[in-house]
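No lab work stands behind these numbers, since they all come straight from the coordinates. All figures in this text were calculated on a predicted structure; none of them were measured in a lab. Quick reminder, even Gly has a Cβ in these numbers, built from the backbone with ideal geometry, and neighbours come from all protein chains shown.
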Amino acid sequence: MKIPRVKMELLDSFTRQSNFEEVSCGFTLGQSKLEASRCLDCKNPRCVTACPVHINIPLFIKQIITDDINDAYFTLYKDNILPAICGRVCPQEKQCEGACIVGIKGESVAIGALERFLGDHALKNDVRVNDAIIENGMNVAVVGSGPAGLANAASMRRLGYGVTIYEALHEFGGVLKYGIPDFRLPKDIVEEEINRLKDMGINFLKNVVIGKTITIDQLFKDYGYKAIFLGSGAGLPSSLHLPGENYSGVYYANEFLTRVNLMKSRNFPQSPTPVRTGDNVAVVGGGNVAMDAARTAKRLGAKNVFILYRRDMNSLPARLDEVHHAIDEGIDFRLLLNPVEFIGKDYLINRVKCEIMELGEEDSSGRRRPMPTGKFNYYDIDSCVISIGQKPNPILKDSTKDLVTDKWGRIVVEDFQTSIPGVFAGGDVVSGAATVILAMGAGKDASPYMDKYIKSNL
Amino acid sequence: MYKILSKKKLNNDVDLMIIEAPLVAKNTKPGHFIILRVNEEGERIPLTIVDSDKNSVTIIYQKLGYSTNLLGTLSEGDYIFDFVGPLGKAAHIRDVKSVIGIAGGVGAAPLFPQLKEYKRRGVNVDLVLGGRSKDYLLLIDEYKEFCDNIYCCTDDGSFGFKGFVTEFALDLYRTKRYDQAIAIGPLIMMKNVVLLNEKYDLPTDVSLNPIMIDGTGMCGNCRVTIHGKTFFACVDGPDFPGEGVNFDELMTRQKYYEEEEHICNLELMINENS
């Protein structure tokens with residue numbers, strides 16, 4: 001008999017609207033073993049190819065089946081130093097699970113849920129990998145403690161380098177801390193997985209803005225680093241360039257989420273950083289960040305939260321699970337609508353004007369292009385969260401004379417090497433806003449190039 | 001953790017602190033600011049760097065809201081939880097022969113390093129210093145060390161001219177001409193100084209203090225509209241030519257959390273009384 005894909009238990013959709021508890025509850029050992037048994041153990045595992053960090057998925061699945069749970073974790077950790085995080089936030093349906101053969105005729109193996117199970121198992125039971133590091137006496141610097149920086153730091157450390165990570169904010173993790181909300185990624189999980197990297201001997205320095213506090217030049221000259229990895233992410237919000245965009249009550253998702261996640265304004269006034277939504281909240285955009293913002297607004301007490309998206313439901317770029325969870329939580333999807341103006345009184349937002357769109361021909365992304373109709377709708381709102389993407393933060397570019405970037409501000413690289421010798425880059429600062437796992441893949445893949453560069457310049 | 005090397009009360013509402021922060025001091029230039037958090041839950045508070053040496057930076061803050069009041073409870077030898085900088089663009093020190101600095105209240109603090117730098121470059125520097133009363137005229141002795149002329153204005157007439165800095169400046173412009181003005185103080189004051197100076201073709205730099213969180217261009221909270229274009233005060237500023245700044249919009253943005261600030265202040269009072 002064919003075993004159906006094991007469904008992960010979820011927190012009740014009504015209960016969770018008033019708290020920030022994690023929505024997906026994770027697999028039990030029994031569920032994990034049952035789900036693992038669905039794997040066909042393909043000769044050419046397409047899941048591994050589809051994984052940006054090429055985890056040996058069939059092996060860890062086999063180890064789950066044979067009850068070697070710790071070994072399964074070791075297999076996973078070899079290629080992914082943040083499994084509990086990635087198990088939760090990866091767009092698996094577009095990567096490993098999207099490539100899974102079982103998924104062709106039925107539902108793919110729940111690889112993400114298994115990954116998360118192993119990550120959680122290791123944290124809960126203090127199962128640790130003892131990386132035998134042979135010090136080579138040379139030091140490298142990593143700029144940014146988000147997914148790209150962490151992955152690069154771990155890979156360089158394993159090669160024997162002394163590694164120091166510089167973080168601009170007061171907590172480590174980058175977007176994992178300021179961007180992704182607790183109901184999707186609990187912050188203690190982030191903290192614990194990062195702590196394992198500290199135990200690996202990686203130095204973490206907070207409150208240092210590279211380019212301001214210390215320049216790239218000073219990192220080489222005053223600190224003697226042999227190479228530098230830039231993983232500063234895509235921290236600059238994209239603007240709609242609409243009239244009224246600077247009215248009070250109009251947030252960029254970065255601000256809204258940073259207030260709630262990093263500054264913990266959901267605990268206001270115990271945490272003194274406030275946030276304000278009002279009753280009616282419009283969220284512009286259809287990606288993961290838009291879903292996060294909408295669901296966060298709901299949890300903060302907003303009565304009516306709606307997504308404004310210029311395409312249709314099938315074109316939403318967000319992770320499928322997040323869209324479903326948002327629907328369950330009562331987020332309204334108002335589709336084929338393109339905001340054209342924010343309307344307010346005395347610089348305070350109270351309405352948004354949207355053009356009604358219709359779908360035209362397919363565009364380069366393979367989706368049908370939204371076309372303006374000349375007809376408009378108005379919505380009364382108390383606040384609006386703009387979540388239409390992020391661009392690389394300009395501080396490094398502005399403060400580093402010879403660092404070449406493209407017209408979108410992305411650092412130009414060849415084999416991860418920037419225009420400055422010894423300075424490498426990867427993740428969103430190179431690709432533009434993408435996913436946690438793609439950034440980790442870049443951080444990891446950059447390390448052999450850095451190693452080669454350093455050793456050929458001895 | 002960052003040690004408070006010394007603390008001085010400038011008046012009932014305003015303190016000066018010297019913080020041990022050699023890394024921040026390293027690249028500091030006039031116009032730069034820092035962001036600090038008093039404790040583990042603390043808000044991120046942006047403050048201009050008033051002065052710096054090899055080992056430390058000086059900040060001046062007005063105990064206006066919850067977090068600045070909390071900062072005020074710390075003493076010499078205590079530690080500040082987080083302290084990051086230097087942030088922002090260094091002030092644009094212009095190639096001019098004469099400058100008038102106009103400061104309102106605690107605005108005297110961010111103005112200080114800029115005027116000092118102008119003087120260091122041999123520029124004639126006059127200062128109009130305004131405040132509620134005599135006690136609120138900050139850094140007079142420090143300014144006296146290098147300013148060519150200092151004119152004081154108080155709202156209550158307890159020292160110098162009785163009235164606003166704009167009223168005094170209007171009078172001053174009848175007899176004196178300047179190449180450049182720098183106005184730093186409350187938004188309404190900066191707005192009025194810019195309006196006045198425009199009539200005299202006197203360009204005015206201002207230093208804006210919108211609400212900030214990260215201070216590195218990430219959140220966009222601090223955006224300001226200048227000549228219809230959006231700028232982030234944290235990475236594009238905080239100093240801008242004042243002409244074309246939409247001060248009214250900025251005042252609304254600055255007041256957005258007034259109600260919440262009030263709730264926090266009540267909490268602080270309750271905690272202090274219990």
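Remark: for residue pairs B:89/B:162; B:8/B:54; A:345/B:191; A:187/B:229; B:54/B:199, the C-alpha separation exceeds 32 Å in B:89/B:162; A:187/B:229; B:54/B:199.
Return the single residue from B:212, B:251, B:189 with maximal mean-square fluctuation; model: Gaussian network over chain B, springs between Cα atoms under 10 Å. Highest fluctuation among the options: B:251. Its alpha carbons give region A:167-277 an Rg and a Dmax of 17.0, 50 Å. Bridge orientation summary for region A:239-388: considering DSSP beta bridges with both residues in this region, about 50 percent are antiparallel.
Using helices alone, what [θ] at 222 nm do you get for the protein assembly as shown, with -39,500 (n - 2.57) per DSSP H run of 4 or more residues, divided over all residues and rounded to the nearest 500?
Numbers: 27 runs with 235 residues, N = 732.
Result for the protein assembly as shown: -9000 deg cm²/dmol, rounded to the nearest 500.
A Stokes-Einstein calculation at 20 °C with viscosity 1.002 mPa s, built on the Kirkwood radius of region B:2-87 over Cα pairs, returns a diffusion coefficient of 171 µm²/s. The calculated pair-distance distribution of region A:15-124 uses every alpha carbon pair, bins of 10 angstrom beginning at 0, and gives 15, 50, 28, 7, 0 percent. Backbone amide hydrogens, once placed in the peptide plane, bring residue B:64 within less than 5 Å of B:69, excluding anything fewer than 5 places away on its chain.
Beta bridges per DSSP, both residues in region B:98-254: antiparallel share near 25 percent. Beta bridges assigned by DSSP with both partners in chain B are antiparallel in approximately 60 percent of cases.
In region B:98-254, how does Rg compare with the Kirkwood Rh, expressed as the Rg/Rh ratio over alpha carbon atoms?
Working: Rg = 15.3 Å, Rh = 15.8 Å.
Computed over Cα atoms, the ratio is 0.97.
So how tilted is helix B:258-273 from the main axis of chain B? Cα-based, degrees 0 to 90, rounded to 10. That helix lies at roughly 50 degrees to the long axis. For a modelled paramagnetic label at residue A:458, 7 Å from Cα along Cα-to-Cβ, the residues of region A:215-235 in reach, with backbone nitrogen under 15 Å, are A:226-227. The simple Förster model, with R0 at 51 Å and r as the Cβ-Cβ distance, assigns residue A:131 and residue A:94 a FRET efficiency of 0.95. The H on the amide N of residue A:162, modeled in the peptide plane, is under 5 Å from the matching H of A:136, A:137, A:138, A:139, A:140, each at least 5 residues off or on a different chain.
Let me make sure I get this right: for region A:239-388, a, b and c are the square roots of the gyration tensor eigenvalues over alpha carbons, sorted descending. Under 1.5 in a/c it's rounded, otherwise prolate if a/b > b/c, else oblate. Which is it? Since a/c reaches 1.5 but b/c is at least a/b, the shape of region A:239-388 is classed as oblate. How would region B:81-179 be classified by its alpha-carbon gyration tensor: rounded, prolate or oblate, with rounded meaning a/c under 1.5 and the a/b versus b/c comparison settling the rest? Judged from the Cα gyration tensor, region B:81-179 comes out oblate (a/c at least 1.5, b/c at or above a/b).
Seen against the Cα atoms of chain B and their longest principal axis, helix B:108-120 is set at about 50 degrees.
In this label model, residue A:367 and residue A:313 are separated by 1.5 nm, measuring between points 7 Å along each Cα→Cβ vector.
With a ≥ b ≥ c the root eigenvalues of the C-alpha gyration tensor of chain B, is it rounded (a/c under 1.5), prolate (a/b larger than b/c) or oblate? Provide the component values of the computation, followed by the final result.
Values: a/c = 1.44, a/b = 1.40, b/c = 1.03.
Since a/c stays below 1.5, the shape of chain B is classed as rounded.
Taking every Cα-Cα distance in chain A and sorting them into 20 Å bins from zero, the calculated P(r) comes out as 24, 55, 21, 0 percent.
Neighbouring Cβ atoms from other chains, within 10 Å of the Cβ of residues in A:204-212, number 5 on average.
How high is the FRET efficiency between residue A:2 and residue B:265 when r is their beta carbon distance and R₀ equals 41 Å, given to the nearest 0.05?
Numbers: r = 64 Å, r/R0 = 1.55.
FRET efficiency, residue A:2 to residue B:265: 0.05.
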